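The structure appears right after this line, and notes come after that.
The values are calculated or read from the model by the stated rules, or taken from the named source; none is laboratory data. Just so it is clear, the model here is predicted, and its values are computed rather than measured. Cβ atoms come from the backbone with ideal geometry, glycine included; neighbour counts cover every protein chain shown. Protein only, heavy atoms only, side chains kept; ligands, DNA and RNA dropped before computing areas. Shrake-Rupley method; radii C 1.70, N 1.55, O 1.52, S 1.80 Å.
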Amino acid sequence: SQTIHQWPATLVQPVGSPLSLECTVEGTSNPNLYWYRQAAGRGLQLLFYSVGIGQISSEVPQNLSASRPQDRQFILSSKKLLLSDSGFYLCAGTPPGQAAHEQYFGPGTRLTVT
Amino acid sequence: AQSVTQLDSQVPVFEEAPVELRCNYSSSVSVYLFWYVQYPNQGLQLLLKYLSGSTLVKGINGFEAEFNKSQTSFHLRKPSVHISDTAEYFCAVTPNTGGFKTIFGAGTRLFVKA
């Protein structure tokens, strides 16, 4: 099974500052990887997904970007944070080519933009 | 496209009482169905999943769910809840046509009272 690692666990950043959240994967090669945002009292919003190195699909237009420089590394970034970027960010993964498989989630990063 | 509706945003219940968390979905293709649980400030964990076969699925922690194709529902049940079941529960679907995306409901917060 997969293990998803995320850091940092919490982050407080001022408006206009840059952002970099990292997600790494153990236990499988060539996973499908996902970034979700969970706003307070709301469900999960899919932000980006990736099926391989350098392959990123964006689900919603926004202030954020994602990159996959290595097979088991997925990074969420922003050049200038907005207040609305606050939330709980979750990275998840599935083994390649297995739609029937559940997603494995990391522990999340709580981002507060002040 | 798929959508998932969790009919109750919050469900308060007394300890040792039964509980049902409702989930309905909409999809033009067949889907796989999942229930996840999220404890505060943590990632999501899989409770159970329905892929095919028996429509009654048993999961961890004494939970079970029943797939009803005609009503497009996948309600989660537990005959006797514990304080430790207090958490947020998410219903999710993934199309079985080889897609990569899982669609999550908005979540139901289960609050178990002593």
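Computed quantities for the displayed model
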{"read-out": "Answer from B:Val37, B:Val31, B:Val4 - the residue that is modelled with pLDDT of 95 or more and among the β-branched types (Val, Ile, Thr)", "value": "B:Val37"}
{"read-out": "Filtered residues of region A:17-50 (kept if more than 12 Å from chain B (Cβ to nearest Cβ) and either surrounded by fewer than 19 Cβ atoms within 10 Å (Cβ to Cβ) or modelled with pLDDT under 90 (or both))", "value": "A:Ser17, A:Pro18, A:Ser20, A:Glu22, A:Thr24, A:Glu26, A:Gly27, A:Thr28, A:Ser29, A:Asn30"}
{"read-out": "Hits in region A:94-114 (condition: within 11 Å of chain B (Cβ to nearest Cβ), buried (at least 18 other Cβ atoms within 10 Å of the Cβ) and out of contact with any Lys or Arg (no Cβ under 7 Å at 6 or more places or on another chain))", "value": "A:Thr94, A:Ala99, A:His101, A:Gln103, A:Tyr104, A:Phe105, A:Gly106, A:Gly108, A:Thr109"}
{"read-out": "Unique residue being open to solvent by less than 30 Å² (accessible area, probe 1.4 Å) and out of contact with any helix residue (DSSP H, G or I) (no Cβ under 9 Å at 6 or more places or on another chain) when the list is B:Val4, B:Val29, B:Val37", "value": "B:Val4"}
{"read-out": "Residue ID - modelled with the highest pLDDT, chosen from residues in region A:60-74 that are closer than 18 Å to A:Leu44 by Cα and surrounded by fewer than 20 Cβ atoms within 10 Å (Cβ to Cβ)", "value": "A:Ser65"}
{"read-out": "Hits in region B:12-42 (condition: under 26 Å from A:Arg110 (Cβ atoms) and either of a type in the set (Lys, Arg) or within 13 Å of the chain's Cα centre (by Cα) (or both))", "value": "B:Leu21, B:Phe34, B:Trp35, B:Tyr36, B:Val37, B:Gln38"}
{"read-out": "Members of region B:79-101 found to be at the interface with chain A (Cβ under 8 Å from one of its Cβ atoms), among the hydroxyl-bearing types (Ser, Thr, Tyr) and open to solvent by 10 Å² or more (accessible area, probe 1.4 Å), listed by number", "value": "B:Thr97"}
{"read-out": "Cβ pairs under 6 Å, 6+ apart, first in region A:46-65 and under 15 Å from A:Ser29 (Cα atoms), second part of a strand (DSSP E or B)", "value": "A:Ser50/A:Leu33; A:Ser50/A:Ile56; A:Ser50/A:Arg68; A:Val51/A:Asn32; A:Ile53/A:Arg68"}
{"read-out": "Region A:21-42 residues that are among the basic types (Lys, Arg), paired with ones that are open to solvent by less than 20 Å² (accessible area, probe 1.4 Å) and outside any loop (DSSP other than H, G, I, E, B) (beta carbon under 6 Å, 6 or more apart)", "value": "A:Arg37/A:Leu47; A:Arg37/A:Gly87; A:Arg37/A:Tyr89"}
